[in-house]
Amino acid sequence: MTMTMPIEPSAIEGKVVLDHVIPSRAPWSGVVKKGQILRIVDLEGNQSGDCILYNAANPEERYSAAQTMVAQKNIFLALGTNLMSNEGNVMMVVTADTLGRHDTIGGACSCESNTLRYGHHTKHQHACTENFLYELGQHVMGKRDMTSNINWFMNVPVEADGTLGIVDGISAPGKYVDLLAEMDTLVVISNCPQINNPCNGFNPTPLRVIVTEPRG
Amino acid sequence: MSTDPHVSTPLKARDHARAQASTVVRAMPTIPASTAKDLPAGVTAQDVVWDETLDAGDYCARILKAGTRLRLTNLEGDACANLLAYNADRPIERINVADTIKVQWNAYLGKGKLILSDMGRVLLSIIEDTCGNHDTICGPSTEKSNARKFGHGENYSPYPNARDRFLLGLLKFGLGKKDIAPNINLFKGVRVGEGGGLQFIPRSSKPGDYVELRAEMNVLIVVANTPHVLDPRTKYTCTPVRLTAYRGPATAQDDPIRVATPESARAFQNTDDYFLS
Ligand SMILES: [Zn+2]
């Protein structure tokens, strides 16, 4: 397997305004201003980055997986995908993608759904929904603000009869996506702590987020 | 200014208003529900708790007590029943479409499938389905998507959109925009093709097809009957859907849907557990 070199800030065009490693299992949120680019890097490979977007000025406008999929008539997110809001506006555009496809139908893992998927013993394992709720709480939002999400670097194929599941990832160390903000966007990420399926290779690892803006 | 002599005084206006009351249209509630006709086989009139028909663009929001069956009948075969569901006692718990398809390992709905909440519990079971073509992916139409197809999509226009209809239903229960979760659409099928492409099934259903849902807790449902967002027709086309709800027994411990899979068994266990304390 070819190991992609980690991304150095110097390899990025534009002025770096934020460079942060999201520890494994942790949440992160930040506002990416219109015109800025958010790069999300899968540092060690096969690490799902669960992600919800909100209009920073009016968080009732938020990411809609349905509208995003309908707009491109495809379930997979990839280079060129417009990430749409519930109001039908483009929030961010995927302007670079070294992976090829990402999931937006698989949702976020939760303590509660873990009990259905893996057994009641998983009730107290950490989960993306815990990360999302915690982070929304820092922004005076809450459970009503939970909505559909993106799973960067996660692989969820759908077979002809509708059979689906989270299967072995196709990501690798250093794979990244660039998201150009078309509005001031509050980005909330859960670095997925799931250990019961292959979305993190059964071993949660860090993600890196880098925000840049054009020079001058 | 009206100069109609029939309504020129309050009492004439009263008589005029009262004379309208026996009007029958094809989309309206049956009140009292026990007078509903053409009931599902085996259902007696006294057990009917709600009967209402929604025409193109219509919506309704209603609480179903646990054990209630709701039959949605696609009377003429071209309805699209957009559906949202909540725990009626605690509506912060609501339908989670992603969990619904992920937990059941399949993107498509049909007889025997569960509609799950975001708290790992069962809101509704699909106990009958003669159609088999439904949509868990595309969500509701919006003012913008309707305007693109029909010229207008405002709630007050002749082409109301599903998202605004959901909002109105929710507002009547004290809920709002934030409560419009990802939803499902009954009677219009969407399939995922090779490479992830979405395919709308043009003739998804036939006249008389029905889906029967069983409420596994007290459930608030909101239904909007509006053209599917991927329906390519530029004429606002949606035929009536009839909603008939009736009392039924609580789900048995050996219910075939409950015991069908380990995941469904645990979902019902969680639901039972919720009612214990
Ligand atoms: Zn997760």
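The values are calculated or read from the model by the stated rules, or taken from the named source; none is laboratory data. Computed from a predicted model, the values in this text were never measured in an experiment. Glycine also receives a Cβ, built like all others from the backbone with ideal geometry; neighbour counts cover every protein chain displayed. Ligands, DNA and RNA are excluded from the accessible area calculation, which covers all protein heavy atoms including side chains. Shrake-Rupley method; radii C 1.70, N 1.55, O 1.52, S 1.80 Å.
Heavy-atom accessible surface of chain B, averaged per residue, reaches 44 Å², computed with a 1.4 Å probe.
The three principal axes of the C-alpha atoms in the range A:15-213 carry coordinate ranges of 44, 38, 32 Å, sorted with the longest axis first. At the listed q of 0.12, 0.16 Å⁻¹, the Debye profile of chain B, built from one uniform point per Cα, gives log10 I(q)/I(0) equal to -0.75, -1.27. Over the range A:1-111, the Kirkwood radius and the radius of gyration, each from Cα atoms, give a ratio Rg/Rh of 0.94. Taking all Cα pairs closer than 8 Å and separated by 6 or more residues, the relative contact order of chain A comes to 43 percent.
Counting Cβ atoms of other protein chains within 10 Å of each Cβ in A:81-93 and taking the mean gives 2.
Counting pairwise Cα distances across the range A:174-216, what percent come out greater than 16 angstrom? Looking at the range A:174-216, the distances longer than 16 Å represent 55 percent of pairs. Put a plus charge on the Cβ of each Lys and Arg, a minus charge on the Cβ of each Asp and Glu, and nothing anywhere else: the dipole of the range A:15-213 about its Cα centre is then about 180 debye.
With the contact rule set at Cα under 8 Å and sequence spacing of 6 or more, what percent relative contact order holds for the range B:47-276? It rounds to 40 percent for the range B:47-276. Using only alpha-carbon positions in the protein assembly as shown, the gyration tensor eigenvalues give semi-axes of 42, 27, 20 Å once each is multiplied by 5 and square-rooted (largest first).
Treating the angle as unsigned and between 0 and 90°, give the value, to the nearest 10°, between the Cα long axis of helix B:262-276 and the longest Cα principal axis of chain B. It is inclined by approximately 60 degrees.
Available extension along the chain between residue B:7 and residue B:90 is 25.2 nm, counting 0.36 nm per residue and deducting the alpha carbon span.
For the range A:57-75, a drop of 20 Å² or more in accessible area on going from the chain alone to the assembled protein chains (1.4 Å probe) is found at A:60, A:66, A:67, A:69, A:70, A:73, A:74, A:75. Here the scattering of the range B:20-106 is modelled by Debye summation over its C-alpha atoms, one equal scatterer each and no solvent; at q = 0.25 Å⁻¹ the log10 of I(q)/I(0) is -1.39. Accessible-area rank, largest first, for A:139, B:6: B:6, A:139, with all protein chains present and a 1.4 angstrom probe.
Projected onto the charge dipole of chain A (+1 at Lys/Arg Cβ, -1 at Asp/Glu Cβ, origin at the Cα centre), which of A:204, A:26, A:148 gives the Cα projection farthest towards the positive end? Checked the options; the winner is A:26.
Inter-chain Cβ neighbour count for A:155-165, averaged per residue, equals 5 (cutoff 10 Å, partner chain atoms only).
Working from the Cα coordinates of the range B:199-262, the gyration tensor eigenvalues give, after taking √(5λ), semi-axes of 31, 16, 12 Å in decreasing order.
Could you name the lysines whose alpha carbon sits less than 28 Å from that of residue B:102, not counting residues in the same chain fewer than 8 places away? List returned: A:73, A:123, A:143, A:175, B:65, B:111, B:113, B:177, B:178, B:188. Placing dummy labels 7 Å off each Cα toward the beta-carbon, the span from residue A:13 to residue B:105 is 4.6 nm.
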